[in-house]
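What follows is a short report on a single structure.
Please treat every number below as a calculation from the coordinates, not as lab data. If you're wondering where the values come from, they're calculated on a predicted model, not measured in any experiment. No Cβ is skipped: glycine too gets one built from the backbone with ideal geometry, and neighbour counts run over all protein chains shown.
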Amino acid sequence: MAAIAQAQPNIALIKYWGKRDTKLNLPATGSLSITLAALWTRTRVEFDESLRHDELRLNGSQDPAARARTSACLDLLRRLAGTTTRARIDSCNNFPTAAGLASSASGFAALVVAADAELGLALDRRTLSALARHGSGSAARSLFGGFVSMAADHRADREDAVAEPLLDAAEWPLAVVVAVTSHTRKSVGSGAGMERSRHTSPFYPAWVSGAAADLTAACAAVQTRDFAALTAVSEHNCLKMHAVMQSSQPPLLYWSGTTLDCLQCLRALREREGVEVFFTSDAGAQVKAVCLPGAVTRVAAALADIPGVEQVLISGLGEGAQLVNDGEAI
Ligand code: DP6
């Protein structure tokens, strides 16, 4: 018996960068994301009493480095199910892994959905979101589709740091064009990068104290489908996060020259040609252009023309993590 789940990565428009508590993986800032449709992780989970430890295969190869984090997240589900049986986990992505395209978000979301089914727990989405957060903060958001918000927690038991759906994908069908400028793994992962920023960036306190206002403004822009307002707050929030990264010690510079060329190109398209598009970028050199569906062709062509852009991916907004049929390929 095995369960297979599929989850799509999400792209944060208002970013989570910084932890309030590393043990519980609690975010210091709230966030707002859009879940993609075209990119996915599929994960097969099978519990097997003959295993002495969990086995993880990522894109066909054993991945001992990622195993500890995966096992720690599975332990939470095992505890709820009252079992210690180890699992065989087979996971694959149809997009570059650990390169700033949120593979840990879709990875942990798919993991908890498959493990929940395989253990017969039937947990609600809110609980699954909290469990995915323990694996990776951004994964809490991939349990839901469309526009998703996640507040920094307030409750004493701290388990309110979970994502919530804000608007369905069909209610405001934006598109995302991803300019892949590098297929290599990032040198400093998000978790380590955030901790470095928290301890060393002189801008970190201002970043954290401004996050709630950005989240409120972005949620209002989504509710009223105000693309210009969402553009303004999202680009500003992204650039503030990169200012925090770049002012950390040693500095975190995730961008390449090509990344900057893409950002300038998207600004020029908007300011000179009136194309409804804005940029965002995470802990990697890729650029994500968020646009109205009518702008996709123009945006994709402009990004593909930039020297150094290796691939352009186009996606609409998609659904949250779901179980898939046993027959579907991994
Ligand atoms: C820049 O969720 O990968 O993509 O909780 O340590 O696993 P961990 O971090 P992760 O960080 C995501 C950072 C970001 C912004 C975002 O997605 O909100």
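Can you give the local net charge around ARG125? Use residues other than it whose beta-carbon is closer than 11 angstrom to its beta-carbon, Lys and Arg +1, Asp and Glu -1.
Here the charged neighbours net out to -2.
Which residues' amide hydrogens lie under 5 Å from the amide hydrogen of GLY320, considering only partners 5 or more residues apart or on another chain, with H built in the peptide plane?
The list, which skips near neighbours in sequence, is GLY145.
Treating the beta-carbon of each Lys and Arg as +1 and of each Asp and Glu as -1, no other charges, what is the dipole magnitude of the range 175-316 about its Cα centre, to the nearest 20 debye?
Dipole of the range 175-316, to the nearest 20 debye: 240 debye.
Using only the Cα atoms of the range 103-239, what semi-axes does the equivalent ellipsoid have when each is the square root of 5 times a gyration tensor eigenvalue? Give whole Å, largest first.
Result for the range 103-239: semi-axes of 25, 21, 18 Å.
Can you work out D for the range 3-168 in µm² s⁻¹ from Stokes-Einstein, where Rh is the Kirkwood radius over C-alpha pairs, the temperature is 20 °C and the viscosity is 1.002 mPa s?
Answer from the Stokes-Einstein relation: 137 µm²/s.
So if I restrict to the alpha-carbon atoms in the range 175-316, what is the Rg, and what is Dmax, the biggest pairwise distance, in Å?
15.5, 43
Measure out, as a whole number of angstrom, how far apart the alpha-carbon centroids of the range 284-320 and the range 224-269 sit.
Here the two parts' Cα centres lie 15 Å apart.
Provide the FRET efficiency to the nearest 0.05 for the LEU51-GLU273 pair, computing r from the beta carbons and using R0 = 45 Å.
Working from the Cβ atoms, E equals 0.20.
Which whole-number percentage describes the relative contact order of the range 175-316, with Cα contacts under 8 Å and a sequence gap of 6 or more?
Averaging sequence separation for qualifying contacts and normalising by length gives 42 percent for the range 175-316.
Go through the range 5-102 and name the trypsin sites (Lys or Arg not before Pro) that are in a DSSP coil and have 14 or fewer other Cβ atoms within 10 Å of their Cβ.
LYS23, ARG52
In a solvent-free Debye calculation with one equal scatterer on each Cα, what is log10 I(q)/I(0) for the chain at q = 0.06, 0.13 Å⁻¹, listed in the order of the q values?
Log10 I(q)/I(0), no solvent term: -0.19, -0.93.
Give a residue-ordered list of calculated ³J(HN,Hα) values for the range 117-126 (Karplus: 6.51 cos²θ - 1.76 cosθ + 1.60, θ = phi - 60°; whole Hz; x for Gly, Pro).
Whole-Hz 3J(HN,Hα) from phi for the range 117-126: 5, 5, 8, x, 7, 6, 6, 6, 4, 4.
Each residue of the range 140-148 in turn: what ³J(HN,Hα) in whole Hz from Karplus with 6.51, -1.76, 1.60 and θ = phi - 60°, glycine and Pro shown as x?
Couplings: 4, 7, 6, 6, 10, x, x, 9, 9 Hz.
Before anything else, pin down the relative contact order of the range 3-168: Cα pairs under 8 Å, at least 6 apart, normalised by residue count, whole percent.
After rounding, I find 29 percent.
Given C-alpha coordinates of the range 110-185, what is the ratio Rg to Rh with the Kirkwood estimate of Rh?
Using Cα coordinates only, the ratio equals 1.05.
From the helices alone, meaning DSSP H stretches of at least four residues, give me the mean residue ellipticity at 222 nm for the chain, per-run term -39500 (n - 2.57), in deg cm²/dmol to the nearest 500.
Roughly -12000 deg cm²/dmol at 222 nm, from the helical runs in the chain.
If you filter the range 1-60 for GluC sites (Glu not before Pro), then keep DSSP loop positions with at most 16 other Cβ within 10 Å, what is left?
Taking the range 1-60 and a limit of 16 other Cβ atoms within 10 Å, the loop GluC sites (Glu not before Pro) found are GLU49.
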